[in-house]
Amino acid sequence: MGPSGACGGPTLVGPGGAAWFVIQTKPRAEYQAQQFLHRSDVPTFLPRLLVRRRHGSRRWHALEPLFPGYLFCHFLPVPEAIARVRWTPGVRCLLGDDDGPIPIDRDIVDYLRAREVAHGYIAAGRPLAAGDRVRFVGGPFALLEGIIERQAGRVDRVRVLLLLMGTSVVVEVDEAVLERC
């Protein structure tokens, strides 16, 4: 049996017996739990995603947890450490079964860390571009599909080519009502 486990499976427990576990937090308490665990010298990882937000005409970018309500934590699974993590403010529970918390493959955490950009967040996929097939997720054209013709004159707006009743129609819409097919 090699260092990666039985039959070449994933490595769950690292050097010294420490492993990555998943914590479920109380609603919107990921940052609180992360801060308290950091003070207790327990390494954590909270993957964040840069998203675009909009309220009326105001638009901005915000960092949000990639997995809302969850946090990765790295520790040696001994009763004292498990109790310290479970009773941390902001923590709801450690994911596991009757035998205790279940470690996750460290390759998952490594993969997410590799996707982070220099500022510590995961950038969203590429923006919509001319030629992309899209589907309307809201508004009067909900569930129809079209092709991006080009960016419109205003920020966050695009021109979409639709085929309606055998006729090509171009509509200008906000990118927020579209998803890539």
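All of the numbers you see were taken from the coordinates with simple rules; none came from a lab. The model shown is predicted, which means the values in this text are computed figures rather than measured ones. Here the Cβ is made from the backbone with ideal geometry for all residues, glycine too, and neighbour counts use every protein chain on show.
Worth a mention:
- Charges were assigned to the Cβ only: +1 to each Lys and Arg, -1 to each Asp and Glu. The resulting dipole of the chain about its Cα centre is roughly 820 debye.
- In plain terms, the chain from R39 to R126 could stretch by 27.7 nm, reckoned as 0.36 nm per residue minus the Cα-Cα distance.
- Cα-centre dipole for the stretch 133-180 with unit charges at Cβ (Lys and Arg positive, Asp and Glu negative), debye to 20: 100 debye
- Over the chain, dividing the summed -39,500 (n - 2.57) contributions of all DSSP H runs of at least 4 residues by the number of residues returns a 222 nm mean residue ellipticity of -4500 deg cm²/dmol.
- Per residue, the Cα convex hull of the stretch 28-134 amounts to 169 Å³.
- FRET efficiency for the pair L112 and Q32, taken as 1/(1 + (r/R0)^6) with r the Cβ-Cβ distance and R0 = 30 Å, rounds to 0.90.
- Cα gyration tensor shape of the stretch 133-180, rounded if a/c is under 1.5, else prolate or oblate by comparing a/b with b/c: oblate
- Taking other C-beta atoms within 10 Å as the exposure proxy, S57, S40 rank S57, S40 from fewest upward.
- Paramagnetic label zone (point 7 Å from Cα along Cα-to-C-beta, F67; backbone N under 16 Å) in the stretch 18-46: 19-31, 33-34, 43-46
- When the Cα positions of A19, F136, L94 are compared along the charge dipole of the chain, F136 comes out farthest toward the positive end, with charges on each C-beta of Lys, Arg, Asp and Glu.
- Farthest toward positive dipole pole in the stretch 26-65 [+1 Lys/Arg, -1 Asp/Glu at C-beta], among P65, Y31, V51: V51
- When only Cα pairs below 8 angstrom with a gap of at least 6 residues are kept, the chain shows a relative contact order of 19 percent.
- Cα-projected label distance for E145 with C93, points at 7 Å along beta-carbon direction, nm: 4.1 nm
- Dimensionless Rg ratio for the chain, taking C-alpha atoms and the 2.2 N^0.38 Å reference: 1.41
- Square roots of five times the Cα gyration tensor eigenvalues for the stretch 90-181, Å: 41, 17, 12
- GNM flexibility winner over the chain from V169, V22, V42 (Cα, springs under 10 Å): V169
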